[in-house]
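Report on one structure; see the data block that follows.
Laboratory data are not the source of any read-out in this text; all were calculated from the coordinates shown. Being a predicted model, the structure only gives us computed values, none of them experimental. Here the Cβ positions follow ideal geometry from the backbone for every residue, glycine too, while neighbour counts run over all protein chains shown.
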Amino acid sequence: MQSLSYLTLDKDVRQVRPAELEAFAAQVSGGVIGMADAAYEEARKVWNGMVDRRPALIARCMNDADVQAAVRFAAAHQMLLSVRGGGHHIAGNAVAEGGLMIDMSGMRGVSVDADRRTARVEPGALLSDFDREAQAHGLAVPLGINSTTGVAGLTLGGGFGWLTRRYGLTIDNLLGVKIVTADGQLRTASAQSEPELFWAVRGGGGNFGVVTSFEFQLHPVGPEVYSGLVVYPFSQAQKVLRAWRDFTEKAPDELSVWTVMRQAPPLPFLPESVHGKEVVIFAIVWCGELAKGEQAVAPVLKFGEPVGSALGPTPYAGFQTAFDPLLAPGARNYWKSNNFDRMSDAAIDMLIENVGKLPGPACEIFVAQLGGAMARVKPDATAFVGRDARYIMNVHGRWTDPADDDKVRNWARAVFQQAAPHATASGYVNFLTEDEAGRVADSYGANYPRLRAAKRRFDPDNLFRMNLNIAPAQGG
């Protein structure tokens, strides 16, 4: 091995001697790779194709001891450090330019205890891994809606999806974690052990350490749910969106109805005349008693005159993959997001106006319906504070040609700015891009000072800064 140049936490350039590199590599059972290795180019890729960073080293961690060795090595050398689980976060913080990437993508184990209705999940597991194992026992936990998302990052930022209105956020179902903190210690954090650390990791992102294992409480779901899509022409947007708003304000917890506004993909149940045209899509999941699903969902078909629908009993794990083709890895992505406690007529009109300005065929605006069980947890019970959000909007810019970067990002930013007067101050950290560090404090609201105090206790030197960063509190 040769000496290795790397970037420090303060972005200075330093070197590691060959002997130190060899000693470190011997401690990582999955191996350590650098820029000259054949596996390097693939290993540094993440979901968002805009992220093109080159870490100095990638440590392929396979167990707790590997992660401890990597954290201690980074701390000893003050090396810029990033952590990769599923590698799906929009900001691409899994990749540290010139630093050390802790790559846990090989740690994908999921172990379900059906009698206790619990699961232990490793940090590289994807939603598809978790759903597959849990659904084998007719169980599930609220997760996201894209099966290639990593469980770890989703959970640490809060986590919401089709089951959230009935069973809360992903973090509301978290029983405990094993976590390597900045001092290299492996800790167990739960309501009984290290409760302040457990509070902080439930929504605090990757700011407090590297989680090597999650334990979740599971719930009976499926194996089939009543779900599907109802699609309306864009000419009816104002009518059907207002009807949707009024309907969702009174919907039972078992029902989630999200809206997606985009150009229609070539779905088999849609006439060809609609393909490529702007439409309003309602994506629906009823997770209550299956026999009651059709009746519960029926009003959505009466918002207007739909151009197509596909509804019925569907395997839950299958519906979790329904949007994967629209969110495949490798494309360029840029998001902007707002939380809403209600969707006013003015907010709906703003959405309609901007869907009329879509900068590309893969761009969209979706609005998730929340509330329910999530809203009944006190805002200070976990680090996640945005429990007043009845709706979360994600302006999803997605494209392939770098020449379109400015066009798409400017559109997304304009929608965000126009939505701000109708939205709450808080945000969802899993949707924040790398240029939104200024929104972090608002996203945590009254919980932010407590998070900064926890950061000072568990990571006083801010080793874990490749994230939507919470700076350590100053003073004693």
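Report the full-extension gain for the segment residue 250 to residue 15: residue separation times 0.36 nm, less the Cα-Cα distance, to one decimal in nm.
Values: separation 235, 0.36 × 235 = 84.60 nm, distance 6.06 nm.
That pair, residue 250 and residue 15, stretches by 78.5 nm at full extension.
Please quote Rg/Rh for the range 110-221 to two decimal places, taking the Kirkwood radius as Rh and restricting both calculations to Cα atoms.
That ratio is 0.95, to two decimals.
Using the Kirkwood formula over every pair of different C-alpha atoms, what hydrodynamic radius in Å results for the range 1-157?
Values: mean 1/r = 0.0610 Å⁻¹.
After inverting the mean inverse Cα-Cα distance, the result is 16.4 Å.
Output the 0 to 90 degree angle, nearest 10, between the alpha-carbon long axis of helix 448-458 and the longest principal axis computed from the alpha carbons of the chain.
30
So who's got an amide H within less than 5 Å of the one on residue 113, skipping anything under 5 residues away but keeping other chains? H placed 1.01 Å off N, in plane.
118, 119, 120
Pop a pseudo-label 7 angstrom from the Cα along the beta-carbon direction at both residue 457 and residue 425 and give the gap in nm to one decimal.
Result: 2.5 nm between the two label points.
Find the percent of Cα-Cα distances in the range 365-433 that exceed 21 Å, and round it to a whole number.
Working: 831 of 2346 pairs.
For the range 365-433, the fraction of Cα-Cα distances above 21 Å is 35 percent.
Pop a pseudo-label 7 angstrom from the Cα along the beta-carbon direction at both residue 65 and residue 331 and give the gap in nm to one decimal.
Calculated label separation equals 4.4 nm.
Name the shape class, rounded, prolate or oblate, that the alpha-carbon gyration tensor gives for the range 360-476, where a ≥ b ≥ c are the square roots of its eigenvalues, rounded holds for a/c under 1.5, and otherwise prolate holds if a/b is larger than b/c and oblate otherwise. Before the final figure, lay out the partial values.
Numbers: a/c = 2.64, a/b = 1.44, b/c = 1.84.
In terms of gyration-tensor shape, oblate.
Does anyone have the angle between helix 64-76 and the longest principal axis of the chain? Alpha-carbon axes, 0 to 90°, nearest 10?
Here the helix axis deviates by roughly 70 degrees.
Grab the Cα-Cα distance for residue 116 and residue 27, subtract it from 0.36 nm times how many residues apart they are, and report the gain in nm with one decimal.
Values: separation 89, 0.36 × 89 = 32.04 nm, distance 3.53 nm.
Gain on stretching residue 116 to residue 27: 28.5 nm.
What length, rounded to one decimal in nm, is gained on full extension from residue 52 through to residue 185, with 0.36 nm per residue of separation minus their alpha-carbon distance?
Numbers: separation 133, 0.36 × 133 = 47.88 nm, distance 3.15 nm.
Length gained, residue 52 through residue 185: 44.7 nm.
Nearest 500 deg cm²/dmol is fine: what mean residue ellipticity at 222 nm does the chain get from its DSSP H runs of n ≥ 4 alone, each adding -39,500 (n - 2.57), divided by its residue count?
Values: 14 runs with 115 residues, N = 476.
Only helices count here, giving -6500 deg cm²/dmol.
What's the magnitude of the charge dipole for the chain around its Cα centre, counting Lys and Arg as +1 and Asp and Glu as -1 at the beta-carbon? Answer in Debye, nearest 20.
Values: 47 positive and 51 negative charges, 145 e Å.
It comes to approximately 700 debye.
Given H placed 1.01 Å from N in the peptide plane, which residues other than close sequence neighbours of residue 213 have an amide H under 5 Å from its amide H?
For residue 213, whose amide H was placed from the backbone, the distant partners under 5 Å are 178.
Per-residue HN-Hα couplings for the range 203-215, Karplus 6.51 cos²θ - 1.76 cosθ + 1.60 at θ = phi - 60°, whole Hz, x for Gly and Pro?
Each residue's phi maps through the Karplus curve to give x, x, x, x, 6, 10, x, 10, 6, 9, 6, 10, 10 Hz.
When only Cα pairs under 8 Å and 6 or more residues apart are kept, what is the percent relative contact order across the chain?
On the way: 1133 pairs, mean separation 73.0, N = 476.
Computed over the chain, the figure is 15 percent.
For a quick check: with amide H placed at 1.01 Å from N, whose amide H comes under 5 Å from residue 99's, ignoring anything fewer than 5 positions away on the same chain?
Excluding prolines and chain starts, which carry no amide H, the hits are 7, 56, 57.
Which entries of 11/336; 11/45; 45/178; 336/455 show an alpha-carbon separation above 24 angstrom in the structure shown?
Values: 11/336 28 Å; 11/45 22 Å; 45/178 26 Å; 336/455 26 Å.
Where the Cα-Cα span goes over 24 Å, the pairs concerned are 11/336; 45/178; 336/455.
Can you tell me which of 45-58, 3-16, 442-455 comes out highest on packing, and rank the rest after it, using the mean Cβ neighbours within 10 Å? Don't skip to the answer; put the middle values down first.
On the way: 45-58: 20.6, 3-16: 14.0, 442-455: 18.6.
Per-residue Cβ counts within 10 Å, averaged per peptide and sorted highest first, yield 45-58, 442-455, 3-16.
Quick one: Karplus J couplings for the range 405-418, per residue in order, coefficients 6.51, -1.76, 1.60, θ = phi - 60°, nearest Hz, x for Gly and Pro?
Listing the rounded values in order: 3, 5, 4, 6, 5, 5, 4, 4, 5, 5, 4, 4, 5, 6 Hz.
So for the range 68-205: antiparallel DSSP bridges make up what percent, rounded to the nearest 5?
Antiparallel: roughly 70 percent of the beta bridges in the range 68-205.
Tell me, what is the FRET efficiency for residue 305 and residue 344 to the nearest 0.05, using R0 = 25 angstrom and their Cβ-Cβ distance as r? Spell out each step's value before the answer.
Values: r = 25 Å, r/R0 = 0.99.
The formula returns an efficiency of 0.50 here.
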